[in-house]
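Reviewing the structure listed below.
The values are calculated or read from the model by the stated rules, or taken from the named source; none is laboratory data. It should be emphasised that the depicted structure is a prediction, and the values quoted were computed from it without experimental measurement. FYI the Cβ positions are ideal-geometry reconstructions off the backbone, even for glycines, and counts take in every protein chain you see. In case anyone asks, the SASA skips ligands and DNA or RNA and just uses the protein heavy atoms, side chains included. Shrake-Rupley method; radii C 1.70, N 1.55, O 1.52, S 1.80 Å.
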Amino acid sequence: MRGASLLAGAIFVGLFVPPLAAVTRGAITPIVFLLMVLVLLRVDLSQVIAYLRRPVLVAALLFWLLILSPIVVWALVWLAGLEGPFAAALVIVATGCAATSSPAFARLVGLDGELAFVVAILSTLILPFTAPPLALGLLGIDLAISIQGLMLRLLLLVGLPLVISMVLRRIIPPALLDRWGRAVDGAVVLLVVLYGFGVMDGVLARLLAAPGLILGGIAMAFGGTLAMNAMTAGVFAGFGQRVSLSSGLMAGNRNMALYIAVMPAATDPGIVLFFVLCQFPLFLSPFLLKPLYERIRAGSWGRAA
């Protein structure tokens with residue numbers, strides 16, 4: 001939870017201290033790569049399998065998050081007549097995996113952290129096989145890169161850290177790895193903060209030059225992610241309120257760091273800018289929604305417990 005809280009502050013530090021953001025911007029890809037290694041190093045895949053107590057629910061969630069919801073969001077964007085890079089980027093956001101911070105956020109607001117943990121890990125590992133053909137092929141969004149090129153970049157950014165983490169888990173004795181746990185978690189927090197600094201590079205200048213564009217983009221990011229949250233909660237209402245709210249939280253908190261790290265330089269800057277603006281709802285909405293979740297918990301399923 002500290003990492004999520006620090007990142008929420010880090011994006012504002014990066015926003016209002018442009019020199020710091022500029023220094024760390026060029027290191028975003030290696031930062032995300034190393035972050036993936038450390039996060040996966042702290043995850044025992046056998047533990048993920050052990051948590052897989054509701055395979056039908058998990059499979060349904062993965063299919064919805066990675067396949068169906070992007071198609072639904074694309075259709076809604078088309079029906080609403082939205083055009084331009086922000087609209088395209090919103091659809092791409094819907095193809096994203098659940099953020100690795102989802103379990104921490106779920107626990108923060110009293111939802112199902114175990115389910116969020118399983119779905120966040122599995123959706124991250126599956127993402128390279130679903131997002132490129134869906135975004136570039138079926139939905140036809142131009143990202144100045146081929147399906148195979150984007151797939152390869154995502155595979156390298158997800159698959160290579162997975163291999164490295166698995167090798168390290170075989171080399172390092174479990175007792176030593178446990179002893180290093182705090183240090184690894186501290187390094188994750190530091191990398192998350194550095195990412196928060198770098199991702200805000202240039203945003204203040206754009207805000208001052210075109211406040212309507214940036215504030216409108218932030219509003220669209222909040223509206224889009226909250227709509228995905230509410231829509232998903234409704235789709236999974238039949239699984240019970242706790243599961244439906246947890247599912248909505250994951251749908252509204254997608255991992256944009258992977259996309260920011262792999263997008264080619266020729267990608268429409270408006271698309272990349274929207275990914276950056278999505279960091280605001282990603283790390284602020286769980287805190288903003290916490291009172292609502294607490295009120296719901298104190299209601300129907302809170303009494304049932």
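Key figures for this structure:
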item	result
Any hit, segment 281-293, residues being open to solvent by less than 10 Å² (accessible area, probe 1.4 Å), modelled with pLDDT of 90 or more, of a type outside the set (Asp, Glu) and under 14 Å from the mean Cα position of the chain (by Cα)	yes
Contacts under 8 angstrom Cβ, first residue in segment 263-289 being hydroxyl-bearing (Ser, Thr, Tyr), partner open to solvent by less than 40 Å² (accessible area, probe 1.4 Å) and in a helix (DSSP H, G or I), 6 or more apart	Ser285/Thr225; Ser285/Asn229; Ser285/Gly252
Selection status of Val72, open to solvent by 40 Å² or more (accessible area, probe 1.4 Å), under 24 Å from Ala227 (Cα atoms) and at pLDDT 90 or above	yes
Cβ pairs under 7 Å, 6+ apart, first in segment 63-78 and closer than 17 Å to Leu249 by Cα, second exposed (fewer than 15 other Cβ atoms within 10 Å of the Cβ) and modelled with pLDDT of 95 or more	none
Wholly enclosed helices (runs of 4 or more DSSP H) of segment 7-55 bearing at least 3 residues within 16 Å of Ala187 (Cβ to Cβ)	28-41
Count of residues meeting criterion [open to solvent by 60 Å² or more (accessible area, probe 1.4 Å) and either touching a helix residue (DSSP H, G or I) at 6+ places or on another chain (Cβ under 7 Å) or among the basic types (Lys, Arg) (or both)] in segment 136-154	1
Sole residue being of a type in the set (Val, Ile, Thr) and open to solvent by less than 40 Å² (accessible area, probe 1.4 Å), chosen from Val167, Val163, Val158	Val158
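A quick yes/no check of all residues on (1) closer than 23 Å to Asp112 by Cα; (2) among the hydroxyl-bearing types (Ser, Thr, Tyr):
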| position | (1), (2) |
| --- | --- |
| Thr24 | no, yes |
| Ile28 | no, no |
| Phe33 | no, no |
| Val39 | yes, no |
| Arg54 | yes, no |
| Val58 | yes, no |
| Val72 | no, no |
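Yes/no per residue for (1) of a type in the set (A, V, I, L, M, F, W, C); (2) closer than 25 Å to Ile31 by Cα:
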{"site": "Val199", "(1), (2)": "yes, yes"}
{"site": "Gly202", "(1), (2)": "no, yes"}
{"site": "Ala205", "(1), (2)": "yes, yes"}
{"site": "Ala209", "(1), (2)": "yes, no"}
{"site": "Leu213", "(1), (2)": "yes, no"}
{"site": "Gly223", "(1), (2)": "no, no"}
{"site": "Phe239", "(1), (2)": "yes, no"}
{"site": "Ser244", "(1), (2)": "no, no"}
{"site": "Ser247", "(1), (2)": "no, no"}
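For every residue, the table says whether it meets (1) surrounded by fewer than 21 Cβ atoms within 10 Å (Cβ to Cβ); (2) of a type in the set (S, T, N, Q); (3) within 19 Å of Met151 (Cβ to Cβ).
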residue	(1), (2), (3)
Leu90	no, no, no
Ala99	no, no, no
Leu108	yes, no, no
Ala116	no, no, no
Leu125	yes, no, yes
